[in-house]
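Peer 1: Sharing a structure below in structure tokens format, with a few things to ask.
The values are calculated or read from the model by the stated rules, or taken from the named source; none is laboratory data. The structure displayed is predicted, hence computed values, not measured ones. Glycine also receives a Cβ, built like all others from the backbone with ideal geometry; neighbour counts cover every protein chain displayed. To get the accessible areas, we keep the full protein, side chains included, count just its heavy atoms, and leave off ligands, DNA and RNA. Shrake-Rupley method; radii C 1.70, N 1.55, O 1.52, S 1.80 Å.
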Amino acid sequence: AEKAEKVAEAARILQMEHLLDRRPSQLSGGQRQRVAIGRAIVRNPQVFLFDEPLSNLDAALRMDMRLEIGKLHQQLGATMIYVTHDQVEAMTLADKIVVLKDGMVQQIGAPMELYHNPANLFVAGFLGSPAMNFLDVDVMAVNGPKVLVQNPALEPVEITAKVGGFIQGGKAKLGLRPQYLTPVDSGGRLHGRIALTERLGSETVVDLTLTDGNRLIAALARDAVFPIGGDLDLTFDPTQAHIFPV
């Protein structure tokens, strides 16, 4: 009776009640992956080790399973070490994220801490969707943590740097999240031409070619129509920008 109860509960959590009578050879790769999670659940372990458990699932089921794993973590109170390349999974599930590159720890912290205060270019580009824009800029002046930068497509702007290593006359990378860019009629900080737009209902993603030839993605929080080939000026809050030495 206890076995049947545990199996039924694991199957309910994993949405697999209709698969219990099938043999392993009759299961798809994604279904086998869910069986493996179920085999862990029924043991009531103190620590779960998940290695990309949702990678073979379709998008809708992956979202459902992400929610179920989050609920499972709250219900069981067990530690879960979860390996993933999907930064949405990392941001939504984690209490603490460890970002690794080539076996080296790049940064450790809470999801929003890493999102708002990335330690380097890799972490900044890894977290966020669409990914952060990086612009090559010239360092015009350095005054303590304040760095004045510009390039042919960018009006001079002063950014408060969270890391050091900037030299007047040197080069840097300016990081701008697509969600923090705002279109303006005139007087914007950035100037470009619209190459492509994607209207997603809740937002409009605009692919721009800047006047210096570089590409920029802007995610505008409304449904809007922008003519392809038209010019667009954008502005941003310097406090939401990031700058890294190169």
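Peer 1: LYS96: which lysines have alpha carbons under 25 Å from its alpha carbon, excluding same-chain residues fewer than 8 sequence positions away?
Peer 2: Excluding near neighbours in sequence, the set is LYS71, LYS162.
Peer 1: Accessible area per residue, 1.4 Å probe, Å², for segment 164-246: what's the number?
Peer 2: That works out to 51 Å² per residue.
Peer 1: Put +1 on the Cβ of every Lys and Arg and -1 on every Asp and Glu Cβ in the chain; which of THR182, VAL139, GLN33 then has its Cα farthest towards the positive end of the dipole?
Peer 2: Positive-most Cα among the choices belongs to GLN33.
Peer 1: Let me see the pair-distance distribution of segment 22-115: every alpha carbon pair, 5 Å bin width, integer percents in order.
Peer 2: All Cα pairs, binned at 5 Å, distribute as 3, 11, 22, 24, 18, 13, 6, 2, 1, 0 percent.
Peer 1: What number comes out for accessible area per residue over segment 83-138 if the probe is 1.4 Å? Units Å², please. It would help to have the intermediate numbers written out before the result.
Peer 2: Values: 2900 Å² over 56 residues.
The answer is 52 Å² per residue.
Peer 1: Over the chain, with every protein chain in place, what whole percent of the accessible area is carbon and sulfur at 1.4 Å, could you tell me?
Peer 2: Summing carbon and sulfur atoms, their accessible area is 52 percent of the total for the chain.
Peer 1: With every protein chain kept in the model, how would you rank MET112, MET16 by accessible area, 1.4 Å probe, largest at the top?
Peer 2: Ranking MET112, MET16 by accessible area, largest first, yields MET112, MET16.
Peer 1: Please list the three semi-axes, largest first and in whole Å, of the ellipsoid equivalent to segment 202-243, using sqrt of 5 times the eigenvalues of its alpha carbon gyration tensor.
Peer 2: 18, 16, 8
Peer 1: If you put +1 on each Lys and Arg Cβ and -1 on each Asp and Glu Cβ, how big is the dipole of segment 156-214 around its Cα centre, in Debye rounded to 20? All intermediate terms of the calculation are to be shown ahead of the outcome.
Peer 2: Working: 7 positive and 6 negative charges, 49 e Å.
Its charge dipole is roughly 240 debye.
Peer 1: Place the peptides 126-135, 200-209 in order of packing, highest mean first, counting for every residue the other Cβ atoms within 10 Å and averaging per peptide. Write out the running numbers ahead of the final one.
Peer 2: On the way: 126-135: 19.5, 200-209: 15.8.
Highest-to-lowest ranking by the protection proxy: 126-135, 200-209.
Peer 1: Counting only helical runs of four or more DSSP H residues, what would the 222 nm mean residue ellipticity of the chain come to if each run contributes -39,500 (n - 2.57) and the total is spread over all its residues?
Peer 2: Roughly -7500 deg cm²/dmol at 222 nm, from the helical runs in the chain.
Peer 1: Magnitude of the Cβ-charge dipole of segment 1-156, K/R +1 and D/E -1, about the Cα centre, nearest 20 debye?
Peer 2: 620 debye
Peer 1: Report the rotationally averaged projected area of the chain based on its alpha-carbon convex hull, in square nanometres.
Peer 2: 17.0 nm²
Peer 1: When only C-alpha pairs under 8 Å and at least 6 residues apart count, what is the relative contact order of the chain, in percent?
Peer 2: In percent, rounded to a whole number, it is 13.
Peer 1: Once you have the Kirkwood Rh of segment 1-57 from its Cα pairs, apply Stokes-Einstein at 10 °C and 1.306 mPa s and quote D in µm²/s.
Peer 2: 133 µm²/s
Peer 1: Starting at 0 and stepping by 10 Å, how many percent of the alpha carbon pairs of segment 90-213 end up in each bin?
Peer 2: Histogramming segment 90-213 at 10 Å steps yields 11, 35, 34, 18, 1 percent.
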